[in-house]
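Contents: one structure, followed by commentary.
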Amino acid sequence: MKKILVTGGAGFIGSHTVVELHNAGYEPILIDNFSNSLPSVLQGIKNITGKDFTFYEADCNDAAVFRKIFTEHKIDGIIHFAAYKAVGESVKFPLKYYHNNLNSLVNLLESMLEKGVNNLVFSSSCTVYGQPDKLPVTEDAPVKSAESPYGNSKQISEEIIKDTCSAQSDLRAISLRYFNPIGAHPTAEIGELPLGVPGNLVPFITQTAIGIREKLTVFGNDYNTADGSCVRDYIHVVDLAKAHVKAFELLEKKREGHYDFFNLGTGTGSTVLEVVTAFEKVSGQKLNYQIGPRRLGDVEKVFAAVDKSVELLGWRTELSLETALEDAWRWQQRLGSK
Ligand code: UD1
């Protein structure tokens, strides 16, 4: 059975990817330092898969950890999620973001080259496009100057990986540019665990509906969109997780030095108010919300062109916005109102 190392394996997207790797016949090996996740996630994974996967509680900034893992296991590929991801925090503490997100990647790449581990799937973001000139945004759209140190750390990471692949190394890599991952596993065993006040829309909605937050503020209704609120491409985390398995399978067919990047989205944009309405429909809850000012740094609209992913990864999304919101709501109900 092929072994895939999943860094950040206890995180939101990491944990769902661990489950999909298992479903596809791979053995995931996890590393996480619980900086933005909880040990209970491992139990959730076990409840779904019936397996206790090998787990390393460690920090990816510690190069010795990768050497140890690569010595103890024959690793066929790595899916690298472990990184900080709070946009606002990254503006306040840029060095924290550059240090963690870039240092851990360089460590990982150096250890991979040293130990002859050749396949890397990297967790990137549609933030690299900024506000695209054309929509849906295709992968050949220009990378725009980043709005935050977080966004910049993703852009620089993609460059680091590309440069390493072209430096005659044996490395093969794919960056996956996520649009807006939402939802939870349909079993409600794993889902998103925001620490503190959620910055992202859907956890804020479900926390409001269950009574943790008083009301949602919709950040602006004067954008040039159907109802004035921002447009995003919301993708079910289970669909997103499956794309990582496809990316690894594609890498295995490629030659040394291969590097490519793909959009992971549904291809359809929804406004914030459409998400609110869809949530009210699937949950049967009336959501308390108000319209507020625009949030600094928000782009007006972005949604993915998916042709390249469909053609080359052989992947497309299967789950609807409604299903994602239903699953997010079931997960919130499981977490409760504390
Ligand atoms: C954000 C980041 C993006 C990052 C992603 C990671 C910004 C500008 N972008 O995406 O780089 O990759 O998170 O998770 O921060 N909204 C409200 N009220 C809320 C929360 C959100 O109206 O309380 C709106 C936002 O204005 C936006 C939409 O909901 O239009 C989605 O917001 P969010 O979930 O934060 O994701 P992004 O901003 O798209």
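What is the total of Lys pairs in segment 52-170 with C-alpha atoms under 20 Å apart, excluding same-chain pairs fewer than 8 positions apart?
12
Relative contact order of segment 208-296, please, whole-number percent, based on alpha carbon pairs below 8 angstrom and at least 6 residues apart.
50 percent
If amide H atoms are built 1.01 Å from N in the plane of the peptide, which residues on other chains or at least 5 residues away come under 5 Å of the amide H of residue 261?
175
Gaussian network model of the chain, Cα springs within a sub-10 Å range: biggest mean-square fluctuation belongs to which of 176, 312, 251?
Comparing 176, 312, 251 in the GNM, the peak value goes to 312.
Can you compute the helix-only [θ] at 222 nm over the chain? Use -39500 (n - 2.57) per DSSP H run of at least 4 residues, normalise by all residues, nearest 500 deg cm²/dmol.
Computed mean residue ellipticity for the chain: -12500 deg cm²/dmol.
Can you sort 223, 150 so the residue with the fewest Cβ neighbours within 10 Å comes first?
223, 150
In 10 Å bins starting at 0, how do the alpha-carbon pair distances of segment 116-232 split up by percent?
11, 29, 33, 20, 6, 1
Above 18 Å lies some portion of the pair distances; for segment 48-134, what is it as a whole percent of all C-alpha pairs?
When all Cα pairs of segment 48-134 are counted, 55 percent exceed 18 Å.
Over segment 59-161, what is the relative contact order in whole percent, taking alpha-carbon pairs under 8 Å and six or more residues apart?
Relative contact order here is 36 percent.
Express as a percent, rounded to the nearest 5, the fraction of DSSP beta bridges in the chain (both residues included) that run antiparallel.
If we restrict to bridges inside the chain, about 5 percent are antiparallel.
Name the residue, out of 78, 13, 210, whose mean-square fluctuation peaks in a Gaussian network model built on the chain with Cα pairs under 10 Å.
Among 78, 13, 210, the largest GNM mean-square fluctuation belongs to 210.
Order these by the 10 Å Cβ neighbour count, fewest first: 52, 298.
52, 298
Mean separation of Cα pairs under 8 Å and 6+ residues apart, divided by the residue count of the chain: what relative contact order is that in percent?
20 percent
What are the ³J(HN,Hα) couplings of segment 120-134, residue after residue, when phi is run through the Karplus curve with 6.51, -1.76, 1.60 and θ = phi - 60°? Round to Hz, x for glycine and proline.
Along segment 120-134, the couplings run 10, 10, 10, 7, 10, 8, 5, 4, 5, 8, x, 8, x, 6, 10 Hz.
Need one number for the chain: average projected area of the convex hull over its C-alpha atoms, nm².
Over all viewing directions, the chain projects a mean Cα-hull area of 15.7 nm².
Grab the other residues whose beta carbon is less than 9 angstrom from that of residue 237, score K and R as +1, D and E as -1, and report the net.
-3
In which sequence would 138, 208 go, from the one with the fewest C-beta neighbours within 10 Å to the one with the most?
In order of increasing Cβ crowding within 10 Å: 138, 208.
Taking the simple approach of a point 7 Å from Cα along Cα-to-Cβ for both residue 93 and residue 200, what is their distance in nm?
My value for the distance between the label points is 1.9 nm.
Mind listing the long-range amide H neighbours of residue 56? Cut-off is under 5 Å, sequence gap 5 or more, other chains count too, H placed in the peptide plane at 1.01 Å from N.
Residues meeting the criterion, in which the H sits 1.01 Å from N, are 30, 31, 32.
Quick note: the coordinates plus some simple rules give every number you see, no bench work behind them. Nothing here was measured: the structure is a model prediction, and the numbers come from that model. Quick reminder, even Gly has a Cβ in these numbers, built from the backbone with ideal geometry, and neighbours come from all protein chains shown.
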